[in-house]
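Participant: Following this message is one structure expressed as structure tokens.
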Amino acid sequence: MFNFPNTRLRRRRSSEWIRNLTSENTLSVNDLIFPLFVHDQKKTTVPISGLPDVKCYSMDGLISIVKEAKDLGINAVAIFPVVDSKLKSENAEEAYNSENLICRAICAIKSKVPEIGVIADVALDPYTTHGHDGILKNSQVSNDETVLLLCKQALVLAKAGCNIVAPSDMMDGRIGAIRKVLDNNDFQNVSILSYAVKYCSHFYAPFRQVVGSCGPSSSIDKSGYQMDYGNIHEAICEIEMDINEGADFIMIKPGMPYLDVIKTASENFNFPIFAYQVSGEYAMIKAAANNGWLNYNKVIYESLISFKRAGTSAIFTYAALDVARNMACV
Ligand code: PBG
């Protein structure tokens with residue numbers, strides 16, 4: 001069909017204007033979701049050692065960074081609590097305390113920057129002493145008992161004003177259960193972003209360091225509930241079940257090493273697919289850039305375009321603010 005010299009593909013690469021007119025995928029600030037860590041230390045915003053240039057914010061610091069994100073056009077933030085170890089327990093009671101750090105953070109954002117979307121994780125790992133996403137019974141994470149607690153957690157998040165609850169725990173049946181509890185409590189308008197396809201990945205290591213969920217031996221094993229990274233048919237099954245149970249958006253995670261999964265999901269479902277460029281992915285790029293081996297802004301942009309090419313609607317990335325700032329400068 002295409003034969004040289006009648007077809008010369010270089011003709012359409014010959015100047016910027018024609019490259020722009022024929023470009024297939026672009027990135028805009030509308031694609032970005034900014035993950036943020038918050039802790040309960042009054043005035044201090046501190047750097048995070050495994051995630052260069054990412055910070056853990058005080059409540060005041062959180063509000064100013066969220067304002068800046070909104071002013072640059074970012075539509076939503078995903079907030080993660082760094083819970084004081086004194087408040088962690090075997091059964092994660094703090095997770096469904098309506099006065100807990102994350103609920104206070106949601107309330108603060110919704111009163112000071114009401115137009116920005118707020119997303120919060122539903123999972124017990126920031127609150128358990130053992131670091132698992134659920135509660136343990138005979139050293140195994142107990143599915144159905146955990147789901148009951150996740151429902152309570154989702155409800156306090158919704159009451160605090162959260163727009164999207166995001167179950168990232170990988171228990172079976174939690175989407176249906178959470179949808180039901182939200183609906184029964186008049187939260188029909190709170191959406192569910194299901195981390196339907198969450199692989200048992202080693203790329204989460206910096207995140208676990210921050211929230212302190214590495215477990216006592218620092219090598220927590222979540223393979224009893226997170227997906228085997230060799231599998232892809234199973235991903236389709238997970239997505240189908242979560243859509244049937246009432247998910248509004250589907251998350252695939254990690255991102256860059258799983259672009260094939262994102263592509264397969266976007267081709268199989270007429271449904272918004274989100275993806276997470278997780279802590280380890282960001283850390284790799286940032287570390288190389290800080291050593292002078294890669295150009296941070298250019299590599300981040302290229303990496304995010306790969307998500308779009310694969311069919312992602314929105315991308316969680318720790319680089320969201322940097323990307324938005326660069327876009328605002330152009
Ligand atoms: C917890 C959770 C994790 C991440 C988001 N929510 C880690 C885990 O499952 O242990 C990882 C995000 C990242 O690495 O940036 N349920």
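Throughout, read-outs are computed from the coordinates displayed, never taken from laboratory work. Model, not experiment: these values are computed from the prediction. Glycine gets a Cβ as well: all are built from the backbone with ideal geometry, and neighbour counts include every protein chain shown.
Participant: Kindly indicate whether S219 is more than 20 Å from I33 (Cβ to Cβ), free of Cβ contacts under 8 Å to residues at least 12 places away in the same chain, within 15 Å of the ligand (Cβ to nearest atom) and outside any helix (DSSP H, G or I).
Facilitator: yes
Participant: Among the residues of the range 165-186, count how many are of a type in the set (S, T, N, Q) and in contact with a helix residue (DSSP H, G or I) (Cβ under 9 Å, 6 or more places away or on another chain).
Facilitator: 1
Participant: I'm checking my understanding of the structure. Among residues of the range 41-73 that are over 30 Å from S28 (Cβ atoms) and of a type in the set (V, I, T), which one is surrounded by the most Cβ atoms within 10 Å (Cβ to Cβ)?
Facilitator: It comes out as V46.
Participant: Separate question: Restricting to the range 305-323, and then to whatever is out of contact with any strand residue (DSSP E or B) (no Cβ under 7 Å at 6 or more places or on another chain) and more than 15 Å from the ligand (Cβ to nearest atom), can you tell me which residue is farthest from Y204 (Cα to Cα)?
Facilitator: Across the range 305-323, the extreme among qualifying residues is R309.
Participant: Give the residue that is surrounded by the fewest Cβ atoms within 10 Å (Cβ to Cβ), with candidates limited to residues of the range 126-158 that are more than 25 Å from L62 (Cα to Cα) and of a type in the set (G, A, S).
Facilitator: Here the residue is S139.
Participant: Okay, next question. Of all residues in the range 267-288, count the ones that are within 26 Å of L321 (Cβ to Cβ) and more than 16 Å from the ligand (Cβ to nearest atom).
Facilitator: Residues that pass the stated criteria total 3.
Participant: Working carefully through the options A76, A123, A108, find the one that is buried (at least 16 other Cβ atoms within 10 Å of the Cβ), out of contact with any Lys or Arg (no Cβ under 9 Å at 6 or more places or on another chain), hydrophobic (A, V, I, L, M, F, W, C) and in contact (Cβ under 8 Å) with a residue 60 or more places away in the chain.
Facilitator: Being buried (at least 16 other Cβ atoms within 10 Å of the Cβ), out of contact with any Lys or Arg (no Cβ under 9 Å at 6 or more places or on another chain), hydrophobic (A, V, I, L, M, F, W, C) and in contact (Cβ under 8 Å) with a residue 60 or more places away in the chain holds for just one of A76, A123, A108, which is A76.
Participant: If the Cβ limit is 8 Å and pairs must be 6+ apart or interchain, which residue in the range 301-330 that is in contact (Cβ under 8 Å) with a residue 60 or more places away in the chain and surrounded by fewer than 18 Cβ atoms within 10 Å (Cβ to Cβ) pairs with which residue that is among the polar types (S, T, N, Q) and not in a helix (DSSP H, G or I)?
Facilitator: I305/N25; I305/T26; R309/N25; M327/S28
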